[in-house]
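Remarks on the structure that follows.
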Amino acid sequence: MKLPLKNIGSFIEQYTTDIISEQQMTSWLKIVYEEGLTHEETDQVVKAMLDSGETFDFSYLGKFVADKHSTGGIGDKVSLVVGPLMAAVGLIIPMIAGRSLGHTGGTLDKLQSIPGYRDNLSMGEFKNTVETVGIVMSGQTKEVCPADQKMYDLRDKTGTVDSIPLICGSIMSKKIAEGIQGLVMDVKVGSGAFMKTLEEATILGSELKRIGKQFGIHVKIVHSDMSQPLGYEAGLWNEVTEALASLRGEGPDDLKQVALELGSSLLLQSGNAGSVDEAMEIQTQLISNGKAMEKFVEMVAAQGGDISVIENPKNYPAPAFEAEVNSNQDGFVSSMEMVGVGNLVNKLTIRRKNNKRLLEPTGGIRFLRKIGDDVSNGKPLAVCFGSNEDEVIGTAEELKSLIKISEERVDPPPLFY
């Protein structure tokens, strides 16, 4: 059913308050998914989500308030690096993060793998952590954009995730609710992204930027690649360890480049740097002197997490089972079927039991070869691991068919577009 512009806000409000049924909302979501929305209608969706709850205001702190967001991918742990870096500079980072959606991973799920970490802070706790630490990474409180939370869950169940108006409404309502002044958006491009082509990603980026301007937020768009995992780790705790390595200056080069690029955008927005070179130097220094890592540890401690495993990741329990994915020919990795890869990562890390969503923090995949790398017959391409032996073995068998090998060398995809 198509809704008149003036009725969109009340329709979303009535769904949030259980006056309108899930079936009615599903019908509307599918129409939006198929036909889209005008700019004015999208703005009404954003406004309705904002008006459904409360918002934050951190202007009294007298510092630049900012955030970073990614449209999602596999192995994308960039928030765990950029957030502490920006807070170490002195920016305020009130990050409302999300869980996995579709085939992509979620920042909150990764943080939840840290024992004791609380990602369900109340508004008061969220605000207090921002005031004392300068950064928070938590889920939506029940008071902030409850309409978005309810619609987010329904979109995941009804296959209406990758709709530009709905993506924009969900992302921007939460970001505006944070009370931020600046935002850098990593709109991923490639087979593992919601936007498969640069053209699609550009359309989404333009709309996010337009909405930001409409609501008084400066939005910078960056397009990075998601035709293969970012870094080498995809999962939960294993992604946290790779982010920690990056904060120590030891992480994979692609993860480092994306993190520094996004961080540079925020430093330029905030006036903390006058050029990209200066922004890069500031961040590199904060990594080398340990200040960025200190800020991550401070945030984890403030949210109840066990910092002993952050300071010494070897103390973390090892996966119960592992299975190698071996190449059956000589050649070069030419491509990966990334939606399938993402689904396999989620299979190893997320379970549903009695309608409850449970995490397997030690589950995941480590990629030993990426696009353009040479491979040898019988040698490993990746390692799957987790707590269920049959699932680990089965996932390894499935993953082999998703990593394509060619006889000719293939150039790696560009990291940025």
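Here are some notes:
- Leading residue by the ranking (farthest from I74 (Cα to Cα)) among those in the range 366-412 that are of a type in the set (V, I, T) and under 26 Å from the mean Cα position of the chain (by Cα): V392
- Which numbered condition L61 misses (of (1) surrounded by 15 or more Cβ atoms within 10 Å (Cβ to Cβ); (2) within 28 Å of L244 (Cβ to Cβ)): (1)
- Restricting attention to the range 192-222, the residues that are free of Cβ contacts under 8 Å to residues at least 40 places away in the same chain and of a type in the set (K, R) total 3.
- Just one residue in the set D411, D390, D374, D330 is farther than 17 Å from D109 by Cα, in contact with a Ser or Thr (Cβ under 8 Å, 6 or more places away or on another chain) and among the acidic types (D, E); that residue is D330.
- Test: residue in the range 303-325 that is more than 27 Å from F367 (Cα to Cα), surrounded by fewer than 24 Cβ atoms within 10 Å (Cβ to Cβ) and either touching a Leu at 6+ places or on another chain (Cβ under 6 Å) or among the small types (G, A, S) (or both): yes
- Checked across the range 335-351, the condition of being within 14 Å of E398 (Cα to Cα), surrounded by 16 or more Cβ atoms within 10 Å (Cβ to Cβ) and in contact with a Cys (Cβ under 8 Å, 6 or more places away or on another chain) holds for at least one residue.
- Pairs linking a residue in the range 401-417 that is touching a residue at least 60 places away in the same chain (Cβ under 8 Å) to a residue that is of a type outside the set (D, E, K, R) and surrounded by fewer than 12 Cβ atoms within 10 Å (Cβ to Cβ), with Cβ atoms under 6 Å and 6 or more positions apart or on different chains, are I405/Q329.
Results for (1) at pLDDT 95 or above; (2) of a type outside the set (A, V, I, L, M), shown as yes or no for each residue.
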| site | (1), (2) |
| --- | --- |
| R155 | no, yes |
| P165 | no, yes |
| S173 | yes, yes |
| I180 | yes, no |
| V189 | yes, no |
| L198 | yes, no |
| K213 | yes, yes |
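- Meets criteria (surrounded by fewer than 21 Cβ atoms within 10 Å (Cβ to Cβ), modelled with pLDDT under 95 and not charged (D, E, K, R)) for N328: no
- All conditions in (1) outside any loop (DSSP other than H, G, I, E, B); (2) over 22 Å from the mean Cα position of the chain (by Cα) hold for A87, with the sole exception of (2).
- Scanning the range 49-72 for residues that are in contact with a Gly (Cβ under 8 Å, 6 or more places away or on another chain), among the small types (G, A, S) and under 30 Å from N346 (Cβ atoms) yields A66, G72.
- Considering only residues in the range 1-56 that are over 21 Å from K157 (Cβ atoms), in a loop (DSSP other than H, G, I, E, B) and among the hydroxyl-bearing types (S, T, Y), the one that is farthest from the chain's Cα centre (by Cα) turns out to be T38.
- Considering the range 245-267, and only residues there that are without any contact (Cβ under 8 Å) to a residue 40 or more places away in the chain and of a type outside the set (D, E, K, R), the residue that is surrounded by the most Cβ atoms within 10 Å (Cβ to Cβ) turns out to be S264.
- Test set (1) in a helix (DSSP H, G or I); (2) under 16 Å from K68 (Cα atoms); (3) modelled with pLDDT of 95 or more - E131 fails condition number: (2)
- Sub-8 Å Cβ pairs linking a first residue in the range 130-148 that is of a type in the set (D, E, K, R) to a second residue that is crowded, with 23+ Cβ neighbours inside 10 Å and not in a loop (DSSP other than H, G, I, E, B), at least 6 apart or interchain, are D148/M49; D148/G169; D148/S170; D148/S173; D148/K174, ordered by first then second residue.
- Checking each residue in the range 100-128 for being part of a helix (DSSP H, G or I) and more than 14 Å from the chain's Cα centre (by Cα) picks out M123, G124, E125, F126, K127, N128.
The values are calculated or read from the model by the stated rules, or taken from the named source; none is laboratory data. All figures in this text were calculated on a predicted structure; none of them were measured in a lab. Ideal geometry is used to build each Cβ from the backbone, glycine not excepted, and the neighbour counts take in all protein chains shown.
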